[in-house]
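Below is one structure, written out as structure tokens, with a few remarks after it.
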Amino acid sequence: MSPEVVNAANVLELRGLRVTFGSGRHEVSVVHGVDLNVARGEIVGVVGESGSGKTLTAMAATDLLPSGARRDATTWAFDG
């Protein structure tokens, strides 16, 4: 999945982000339902408990997921 251009004012747009590992009966969803907009010049902090998916969300947004991970999103636009 390649990033699409949705709004030129945003550096990042995510809708319905889902990150999974495995497949079939062994598929595990580790991040699901994330929506995020980051405008140019905006600084964003993501806060959450340990293991809540902050790092995988950032890695999925920037197309840096580890091998074996899969990203699905209704919208994924990254200009960076």
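The values are calculated or read from the model by the stated rules, or taken from the named source; none is laboratory data. Nothing here was measured: the structure is a model prediction, and the numbers come from that model. With ideal geometry, Cβ positions are generated from the backbone for all residues, glycine too; neighbour counts draw on all protein chains shown. Note: accessible area is taken over every heavy atom of the protein model, side chains too, but ligands, DNA and RNA are not part of it. Shrake-Rupley method; radii C 1.70, N 1.55, O 1.52, S 1.80 Å.
Quick notes on this structure:
- Condition met for ASP35 (in contact (Cβ under 8 Å) with a residue 24 or more places away in the chain and open to solvent by 50 Å² or more (accessible area, probe 1.4 Å)): no
- Hits in the range 56-80 - residues which are β-branched (Val, Ile, Thr) and either open to solvent by 40 Å² or more (accessible area, probe 1.4 Å) or free of Cβ contacts under 8 Å to residues at least 12 places away in the same chain (or both): THR62, THR74
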